[in-house]
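Everything on this sheet refers to the single structure shown next.
Just so it is clear, none of the values below were taken in a lab; they were calculated from the coordinates. Just so it is clear, the model here is predicted, and its values are computed rather than measured.
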Amino acid sequence: MNPRINTGATILIAEDDEDNRFTLKVLLELRGYRVVTASNGHEAIATAERERPDLILMDLRMPILNGLAATRQLRQHSDSRLRLIPILALSAYDPAQHRAVAIAAGCNDYVTKPIDYDRLEKLIETFLLARTAPTMPDAPTQAEILFL
């Protein structure tokens, strides 16, 4: 990851391996992100509800509730803001076999371990930028045109 400083967006790292969680946290904080962490899927959901992160890095293999199940629960959450948070799956599993499963569960993309931090950085920036980009207003209806 290069040393540019980002906007201070909040990223939730859901990862059961303490070393991986720490490494990701330090690297992202050095980039200017606010980082919150969880060590299992239940904690990830509770932390997302409390912190409202801008993006989630979700390990797929965690105890108590795995990342796929946690992602599915977030995608079906009653709070629409939580349903829309970009989720990047983190996994040591072969992407050829597991990427489609992660996408079907609701993940927006899939990152393999060991993590290519330059690729991860680009994905994070892409999803955060897409999330904050202004939307185009809908075209006016025929009735609205009459009053313009």
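See the values below:
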| quantity | calculated |
| --- | --- |
| Per-residue ³J(HN,Hα) for region 97-108, Karplus 6.51 cos²θ - 1.76 cosθ + 1.60, θ = phi - 60°, Hz, x for Gly and Pro | 9, 10, 4, 4, 5, 5, 5, 5, 6, x, 6, 7 |
| 5 angstrom amide H check on residue 62, placed H, neighbours 5+ away | 67 |
| Residue 110 long-range amide H proximity, modeled H, under 5 Å | 89 |
| Sequence-separation-based contact order of region 10-146, relative, with Cα cut under 8 Å and 6+ spacing, percent | 19 percent |
| Stokes-Einstein diffusion coefficient of region 10-146, Kirkwood radius over Cα pairs, 25 °C, 0.890 mPa s, in µm²/s | 158 µm²/s |
| Gyration tensor verdict on region 3-82 (Cα atoms; rounded if a/c is under 1.5, prolate if a/b is larger than b/c, oblate otherwise) | oblate |
